[in-house]
Amino acid sequence: DAKTTQPPSMDCAEGRAANLPCNHSTISGNEYVYWYRQIHSQGPQYIIHGLKNNETNEMASLIITEDRKSSTLILPHATLRDTAVYYCIVRVPNSGNTPLVFGKGTRLSVIA
Amino acid sequence: GAGVSQSPRYKVAKRGQDVALRCDPISGHVSLFWYQQALGQGPEFLTYFQNEAQLDKSGLPSDRFFAERPEGSVSTLKIQRTQQEDSAVYLCASSFIWSVGELFFGEGSRLTVL
C-alpha cells in the first residue's frame, strides 16, 4: 500500500505556481520522497526526489517539512503541458529490488 | 532509440487468447520492472528483473501471468487465457542499478480483452 496521501485533484491557472501537497506522516528516517508525473497516454516520468533538504531542478522544487511528515512539489510557472497525474512516493534507496509503490496521485489540471 | 520501447502499443484480444507484450529497455540498464495500470488507478508492481534473474514476482496476479528476460535485455510479459479483468495498460521501466536514481518508463501496452 502507498504510504502517502495526496488530494485527488487540483486546478492551477497557466503561468501561476502549482503547489502539490503530499502527506507522509509515517515516513522512516532513511526513506526518500520521490515525485513522478504521468501525462495522458504516457508512462510515468521522474521529476525530483529528496531526503530532508529542499531540492530544485529544471522541472520543479521539492520542499520537505522539518519533521519530514509532509512535502510540497512546486511547479513555478505551470503550463498546459504540465497537466498530468502527479505521484508522491516514499522509498528507501539502495534497497535492492523494492519497487516504487504508486498511490492514486493528484490530477493537476492547468487552465488557460 | 534512447528510451524504453514497448510493443505493441495496443492489443485487442478475445477472452481466452494468449498475449505477449515486449519491452526493450534502455541499453545497459540492469534493472527492469513490469507494472499493471487499470483505468483511473496508479501503476501496480508486477515483477522485477536484475539482468536475467527474476528477483521478485510477488505482484503477478495469477499463474496465467509469466515474465522472462532470458538474455538480460529484452523482456516479455506473457498472459495466458486472458480474462476481461486483465484489461489494463502494462508498463515497463528500467534503470542502471535500482538504487537512488530514477526509473525510466516506456509508454505502455494497452491490452483490451473482449
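We did not get these values from a lab; they are worked out from the coordinates using the rules stated. Predicted model only: the values in this text are computed from it and were never measured. When we count neighbours, we look across all protein chains shown, and the Cβ atoms used for this are built from the backbone with ideal geometry, even at glycine.
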#### Entry: Spherically averaged projected area in nm², based on the convex hull that wraps the Cα atoms of segment B:58-114
4.9
## Note on the structure
In chain A the cysteines whose Cβ sits 4.7 Å or more from every other Cys Cβ are A:Cys12
## Note on the structure
Once A:Asn19 and A:Thr98 are pulled to full extension, the length gained, defined as 0.36 nm per residue separation minus their Cα-Cα distance, is 25.6 nm
### Query
Using a basic spin-label model with each label point 7 Å from the Cα along Cα→Cβ, how many nm lie between A:Gln42 and A:Leu80?
1.5
### Task
For B:Lys57, go through the lysines and keep the ones whose alpha-carbon is under 19 Å away, minus same-chain ones fewer than eight residues off.
B:Lys78
### Query
Over all distinct alpha-carbon pairs, what is the Kirkwood Rh of chain A in angstrom?
14.1
### Summary
Volume per residue (Å³) of the convex hull spanned by the alpha carbons of segment B:17-114 is 93
### Query
Taking the Cα atoms of the protein assembly as shown alone, what are Rg (to one decimal) and Dmax (as a whole number) in Å?
17.7, 53
### Query
Farthest toward the dipole's positive end in chain B, which of B:Phe96, B:Trp34, B:Thr82, given Cβ charges of +1 (Lys, Arg) and -1 (Asp, Glu) about the Cα centre?
B:Thr82
### Task
Along Cα→Cβ, 7 Å out, is where each label goes; now give me the distance between the ones at B:Gln83 and A:Glu66 in nm to one decimal.
5.2
#### Entry: Partners for A:Lys3 among aspartates and glutamates (Cα-Cα distance below 12 Å; same-chain residues under 8 apart left out)
A:Glu31
### Message
Based on the alpha-carbon set only, what is the convex hull volume of segment A:47-111 divided per residue, in Å³?
### Response
108
